[in-house]
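Contents: one structure, followed by commentary.
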Amino acid sequence: MNIFQRLFKIGQAETHSAIDKLEDPIKMIEQGLRDLHTELDQANRALAEVKAMHIRRGNELKQYRGEQETIHNKSVLLLKKAQEGAVQSEEADQLVKENLRKKADITRKITEADQQVASLQQQVTALEGNVTKIKLSITQWESELKTLKARVKVSNATQQINKQLMKMDSNSVASMLERMKDKVLDEEALAQAYGEMNQKEESNDEKVNKIIEEISVEDELAQLKSQLGIDNDKGQNGASS
């Protein structure tokens, strides 16, 4: 059963216009699935009841046929006994006639039961077919519903993206890019300033270290001359003369 054919049978008169406008078809399909599950429960219940009737009438038919065979066997036995002289012929004939009347009544019951069993079998077959169709429809609907839900999600996402893109014209995009460029330039300039500050601090440290190093060398030289008994001032004067 086509999904949209089923949709036309779900709601009230406004269903037609609702489907044409695609007003929340997912909820309508979900309601249709609930209806189908209800129909499936009813069909299974009816099938079970008809099957029970079929079984009961079938058992009655077997019982009637058994009774018919029993009466026939009794009648044959009575006629043999009469032929052998164990039973008077008139009495045997009377009993056999009574059995034949019972047999005729049972034969009528057998005919009726046979017809009812055949009719019930047809109903069972028809109901089983309906149950199968409903199950197949439910399976198909559930599959189509999953697909429809996925398509709705994609459609909604696409619409949202398209709406956002519509709000972003070329001018706004260009403006955003310019603001981003300015921010990047500001960040680059700030990074360069920090770098220069770090270099300056490193140069000052180097100068201080160099001065300390020179002072240390002069002190060591003076100490060495003192150990050798060299007058630092004389050494300098002699060097100058």
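Key figures
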item	result
Tally of residues being touching a His at 6+ places or on another chain (Cβ under 8 Å) and either within 19 Å of Asn59 (Cβ to Cβ) or not in a helix (DSSP H, G or I) (or both) across segment 90-122	3
Test for Lys97: is it touching a residue at least 24 places away in the same chain (Cβ under 8 Å) and open to solvent by 60 Å² or more (accessible area, probe 1.4 Å)	no
Of all residues making up segment 115-133, the number that are open to solvent by 70 Å² or more (accessible area, probe 1.4 Å) and closer than 18 Å to Tyr64 by Cβ	3
First in segment 124-142 and among the aromatic types (Phe, Trp, Tyr), second anywhere and open to solvent by less than 70 Å² (accessible area, probe 1.4 Å), Cβ under 7 Å, 6 or more apart	Trp141/Ile3; Trp141/Ile29; Trp141/Gly32; Trp141/Leu33; Trp141/Leu36
Selection status of Lys153, open to solvent by 100 Å² or more (accessible area, probe 1.4 Å) and at pLDDT below 85	yes
Meets criteria (modelled with pLDDT of 85 or more, in a helix (DSSP H, G or I), open to solvent by less than 80 Å² (accessible area, probe 1.4 Å) and touching an Asp or Glu at 6+ places or on another chain (Cβ under 8 Å)) for Leu40	no
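The values are calculated or read from the model by the stated rules, or taken from the named source; none is laboratory data. Only a predicted model underlies this, so the values are computations on that prediction, with no experimental measurement involved. Quick reminder, even Gly has a Cβ in these numbers, built from the backbone with ideal geometry, and neighbours come from all protein chains shown. Calculation scope for accessible area: heavy atoms of the full protein, side chains included, ligands and nucleic acids excluded. Shrake-Rupley method; radii C 1.70, N 1.55, O 1.52, S 1.80 Å.
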